[in-house]
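The block underneath contains the structure these notes are about, expressed in structure tokens.
The values are calculated or read from the model by the stated rules, or taken from the named source; none is laboratory data. Note that this is a predicted model, so its numbers are computed, not measured. In this analysis, Cβ positions are derived from the backbone assuming ideal geometry, glycine residues included, and neighbour counts consider all displayed protein chains. Just so you know, the surface numbers come from the protein's heavy atoms only, side chains and all, with ligands and any DNA or RNA stripped out. Shrake-Rupley method; radii C 1.70, N 1.55, O 1.52, S 1.80 Å.
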Amino acid sequence: MEANDLINLAYVVAATLFVFGIKMLGSADTARRGNLVSGLGMLLAVVVTLLADGLDYTWIIGGLIVGSAIGLVAARMVKMTAMPELVALFNGFGGLASLLVAWAEFEKIRGMGWAVYEMEMQSNAKFSGFVIYAAMLIGGVTFTGSLFAYGKLSGKLSGSAIVFGGQKALNILLLIAILAVGVVFTWSSDLELTYKLFLSGVGLALLFGIMGVMPIGGGDMPVVISLLNSLSGVAASAAGFVIYNNVLIVAGCLVGASGLILTVIMCKAMNRSLGNVLFSGFGAASGGGGDDDDREPKALSVEDAFYVLEAASSVVFIPGYGMAVAQAQHVVKELAELLEENGCEANFAIHPVAGRMPGHMNVLLAEADVEYEKLLEMDTVNPMMPTVDVAIVIGANDVVNPAAADDPQSPIYGMPIIEAHKAKTVFVLKRGQGKGFSGLVNKLFVMENTCMIYGDAKATISSLVNELKGS
Ligand code: NAP
């Protein structure tokens, strides 16, 4: 067996480990092992690639040190609530890496000419030109698109959708220019011309990333990030074709496919199409749904809330972004246990886009050791709601906004919600009159059966725990 066959065999093993690892991530019981299995696959792929001939280890070690240092700082400094921003940045760097791989390969071609390159790499110049342009283009769009998404999510840029007249036409023109440059780049073998076209392509791709994300509102950023994640995988796969690395092609495809599946799941969770998310300018204007409601929310004290809870026989906790901010998951678990000791049934209703990243609530509650069976999905919990004595909304807002179900004027009309308003009594725990991520008014807060318990969620729940312990 030749060295090349051995390398490819190791790549097949690595790819198999990726697939099994991803499959195991689908269940909470096997997720940790799945992560390890995929990591093992990546280690194998990296080691085998590094052992291949002709590598300059100085650059690899340099890159390893710089990359590890950035990773270490990021892991220590970034809070759980800022994870989506970090993911956006990582996607962006993945895209940049693909762009640079394509650029480096093109520089190689500039050094030796297309004909020699074709002979040396035993490749077709047209195919190489195509994959180089594709890796550069998708990588470039992913890079600036992700940086823009990072800016919006972190609050460094305005979260609202930026829309202006003629924007769609401009974007279509940009896209046509990108494709036209790509076609000439792929067909031409004139080195000077292809160099100019390549640089123009880089500029256009970077611009298109910004222009594409600009008209999308902050509330839709998770979907955008998931899509950019998918794109970073496609860019990596294209880079794999550029440098003839099979494992990079496979790994890129896996990232591309899983990112796309997650994107579709998130769109379904909001009852919107991907086209609507990308092109509707959702979030350009705030308001809508309930702005004209002049009823006042009713505030309730922790002591009074305790009496209601003591008599309740079923409670559903509905956590949202505020629970993550308050880091209230441990006290929430304690409260659920105390209620159960008191003969009450306590469950958790999980909305797929509650918080700021997919699975955000599951992660927090798993960290607090809440049993997985107690986490009920939207479709399971909604039919139960009318029989629930108390729904406790913990720092959730958009995902319990009834306007999504009954106000056709609302921008979030049609998005599935947890139907907290159907419970006999609703407690909403939040600090004040702050709006949710979408910036919309929530009429749940002024409904007859709703009481507001103002304050930081952790402080409020801790007080309820103390009341229950003292009773
Ligand atoms: P939300 O609509 O953003 O509302 C969070 C609420 O938490 C706010 O109204 C805020 O009100 C309250 N809050 C903040 N800090 C708090 C604290 N320390 N204690 C108590 N309350 C606190 O949250 P959501 O209902 O979870 O909805 C998620 C939204 O984010 C959706 O619009 C979704 O599309 C979007 N999104 C989702 C993801 C994802 O993948 N899950 C990612 C990005 C964006 P006060 O200021 O008055 O306290």
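Cα-Cα over 22 Å: which of LYS333/LYS435; LYS156/LYS435; LYS152/LYS196; LYS422/LYS458; LYS79/LYS268?
On the way: LYS333/LYS435 26 Å; LYS156/LYS435 19 Å; LYS152/LYS196 33 Å; LYS422/LYS458 25 Å; LYS79/LYS268 28 Å.
Listed pairs above 22 Å: LYS333/LYS435; LYS152/LYS196; LYS422/LYS458; LYS79/LYS268.
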For the CYS253, ASP294 Cβ pair and Förster radius 51 Å, calculated FRET efficiency rounded to 0.05 is 0.40
Using a 1.4 Å probe on the protein chains only, how many percent of the accessible area of the stretch 302-470 belongs to carbon and sulfur? 50 percent
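At R0 = 35 Å, how high is the FRET efficiency between PHE279 and THR81 if r is their beta carbon distance? Nearest 0.05 is fine.
Details: r = 29 Å, r/R0 = 0.82.
Once rounded, the FRET efficiency stands at 0.75.
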A correct Karplus calculation of ³J(HN,Hα) over the stretch 195-211, with 6.51 cos²θ - 1.76 cosθ + 1.60, θ = phi - 60°, whole Hz and x for Gly and Pro, returns 5, 4, 5, 4, 4, 4, x, 4, x, 5, 5, 4, 5, 5, x, 5, 5
Which of the listed residues, PHE427, TYR321, LEU231, is farthest toward the dipole's positive end in the chain, when Lys, Arg count +1 and Asp, Glu count -1 at the beta-carbon? LEU231
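For GLU2 and ILE261, compute 0.36 nm times the residue count separating them, minus their Cα-Cα distance, and round to one decimal in nm.
On the way: separation 259, 0.36 × 259 = 93.24 nm, distance 3.79 nm.
Gain on stretching GLU2 to ILE261: 89.5 nm.
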Average accessible surface area per residue within the stretch 302-470, 1.4 Å rolling probe, Å²: 39 Å²
Spin-label model distance (nm) - GLN433 vs PHE20, 7 Å beyond Cα toward Cβ: 5.8 nm
So how compact is the chain: Cα radius of gyration and Dmax in angstrom? 25.9, 85
Measuring from label point to label point, each 7 Å out along Cα→Cβ, what is the GLU341 to VAL363 span in nm? 3.1 nm
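So, with a 1.4 angstrom probe, what is the percent of accessible area on the stretch 78-279 that is carbon and sulfur?
75 percent
For the chain, what's the relative contact order in percent, using C-alpha pairs closer than 8 Å and at least 6 residues apart? Walk me through the intermediate numbers first.
Working: 783 pairs, mean separation 64.4, N = 471.
Normalised by residue count, the contact order of the chain is 14 percent.
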What is the distance, in nm, between label points placed 7 Å from the Cα along the Cα-to-Cβ direction at LYS108 and at LEU43? 2.9 nm
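Could you please put TRP114, TRP59 in sequence from largest to smallest accessible area, using a 1.4 Å probe?
Numbers: TRP114 20, TRP59 200 Å².
Solvent-accessible surface, decreasing: TRP59, TRP114.
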Residues of the stretch 78-279: accessible area per residue with a 1.4 Å probe, Å²: 43 Å²
With a 1.4 Å probe and all protein chains in place, put TYR307, TYR454 in order of accessible area, largest first. TYR307, TYR454
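For ALA31, what charge total do you get from the other residues with a beta carbon under 14 Å from its beta carbon, if Lys and Arg give +1 and Asp and Glu give -1?
Values: positive: LYS23, ARG32, ARG33; negative: ASP29, GLU367.
Summing Lys and Arg as +1 and Asp and Glu as -1 gives +1.
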In the stretch 86-128, whose amide N lies under 20 Å from the spot 7 Å out along Cα-to-Cβ of ASP56? List them in ranges. 97-113, 117, 121
VAL264 accessible area, 1.4 Å probe, all protein chains in place, Å² to nearest 10: 80 Å²
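When all alpha-carbon pairs of the stretch 78-279 are counted, what percent fall beyond 26 Å? Don't jump to the answer; show the numbers that get you there.
Working: 7062 of 20301 pairs.
Considering the stretch 78-279, 35 percent of its Cα-Cα pairs are separated by more than 26 Å.
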Would you work out the charge dipole size for the stretch 78-279 about its Cα centre, treating the Cβ of every Lys and Arg as +1 and the Cβ of every Asp and Glu as -1, and quote it to the nearest 20 debye? 600 debye
Amide H neighbours of SER314 at under 5 Å, excluding residues fewer than 5 places away on the same chain, with H built from the backbone geometry, are GLU345, ASP389, VAL390
Counting only Cα, what are the radius of gyration and maximum Cα-Cα distance Dmax of the stretch 1-134, in Å? 18.5, 54
What percent of all Cα-Cα pairs in the stretch 302-470 falls in each 10 Å bin, counting up from 0? 11, 44, 37, 7, 0
